[in-house]
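Engineer: Pasting a structure below so you can have a look.
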């Protein structure tokens, strides 16, 4: 073994331990979904044979299909509208750059420092006055304009060649056509990165849906998990199965878009 190989051994050992520590919670979640509640409390690390039984208990206790559909509808709707609004805003902030827009962007970034709990009550009263409680619109609307996503698209738009915009304008292409036919295809990796962040945030959102969705028929997957722990006795095997089912869509999305996600984040940082 060469001297260079010996120097790399501590790094490899550290990375191996870090990787195992990162993967272990996922492994324990999957294994626990196949075990009984007593086995989960006993920290059993081997798969069991209770997966079907836990699934039947989950279906009997909660409306899993409705919760999965509600979460999907909220997350997909939020992602689509947020990508549209924030990408247009980021494009406008950079392509039509001015000092006033820089000041407005600074205000938006300062808004990120305000905790959601401070705006939740007036937001709820506003939606209640319009009769929008227990609706998908009430869940989606507050999340379609996110300062971080606007900043992400603005930073990515800085690498967008403005000469193409000028040439397209000379050729008679309008701003909407420039945005849809030139900007959007060029920024596919940024859209993928933003989609992952928005979808994961919307899918895992718990506090606002819990407040605004008064009707239990509109409960989402995080709300379903909360309901499983609200009784006198918690079946941890069923609970871990629900957590596993809740985690699958975001994991699949990230695995599919991980390369584009890395490219989009790197391009925005540059």
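The values are calculated or read from the model by the stated rules, or taken from the named source; none is laboratory data. A quick note: this is a predicted structure, and the numbers were derived from the prediction, not measured. FYI the Cβ positions are ideal-geometry reconstructions off the backbone, even for glycines, and counts take in every protein chain you see.
Engineer: Read through the list (1) assigned by TED's automatic domain parsing to the domain that holds residue 58; (2) exposed (fewer than 13 other Cβ atoms within 10 Å of the Cβ); (3) modelled with pLDDT of 90 or more, then give the number of the only condition that residue 235 fails.
Structural biologist: All conditions are met except number (2).
Engineer: Can I ask one more? Tell me, please, whether a residue that is touching a helix residue (DSSP H, G or I) at 6+ places or on another chain (Cβ under 6 Å), part of a loop (DSSP other than H, G, I, E, B) and surrounded by 17 or more Cβ atoms within 10 Å (Cβ to Cβ) can be found in the stretch 175-190.
Structural biologist: Yes; the residues of the stretch 175-190 include at least one that is touching a helix residue (DSSP H, G or I) at 6+ places or on another chain (Cβ under 6 Å), part of a loop (DSSP other than H, G, I, E, B) and surrounded by 17 or more Cβ atoms within 10 Å (Cβ to Cβ).
Engineer: What's the number of the condition residue 257 fails, among (1) farther than 30 Å from residue 44 by Cβ; (2) not in a helix (DSSP H, G or I)?
Structural biologist: (2)
Engineer: Sticking with this structure for a sec: Identify, by number, the condition in (1) part of a helix (DSSP H, G or I); (2) touching a helix residue (DSSP H, G or I) at 6+ places or on another chain (Cβ under 9 Å) that residue 233 doesn't meet.
Structural biologist: Residue 233 satisfies every listed condition except (1).
Engineer: Go through 94, 163 for me and flag whichever is farther than 28 Å from residue 251 by Cα, surrounded by 15 or more Cβ atoms within 10 Å (Cβ to Cβ) and either out of contact with any helix residue (DSSP H, G or I) (no Cβ under 6 Å at 6 or more places or on another chain) or modelled with pLDDT of 85 or more (or both). Working first, answer last.
Structural biologist: On the way: 163 fails: surrounded by 15 or more Cβ atoms within 10 Å (Cβ to Cβ).
Sole residue among the options that is farther than 28 Å from residue 251 by Cα, surrounded by 15 or more Cβ atoms within 10 Å (Cβ to Cβ) and either out of contact with any helix residue (DSSP H, G or I) (no Cβ under 6 Å at 6 or more places or on another chain) or modelled with pLDDT of 85 or more (or both): 94.
Engineer: Could you list, in sequence order, all residues of the stretch 117-132 that are within 14 Å of residue 207 (Cα to Cα) and either modelled with pLDDT of 90 or more or surrounded by 11 or more Cβ atoms within 10 Å (Cβ to Cβ) (or both)?
Structural biologist: Restricting attention to the stretch 117-132, the residues satisfying the condition of being within 14 Å of residue 207 (Cα to Cα) are 117-121, 123-124.
Scanning the stretch 117-132 gives 119, 120, 121, 123, 124.
Matching residues to (1) touching a helix residue (DSSP H, G or I) at 6+ places or on another chain (Cβ under 8 Å); (2) farther than 23 Å from residue 138 by Cβ:
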| residue | (1), (2) |
| --- | --- |
| 21 | no, yes |
| 48 | yes, yes |
| 66 | yes, no |
| 69 | no, no |
| 81 | yes, no |
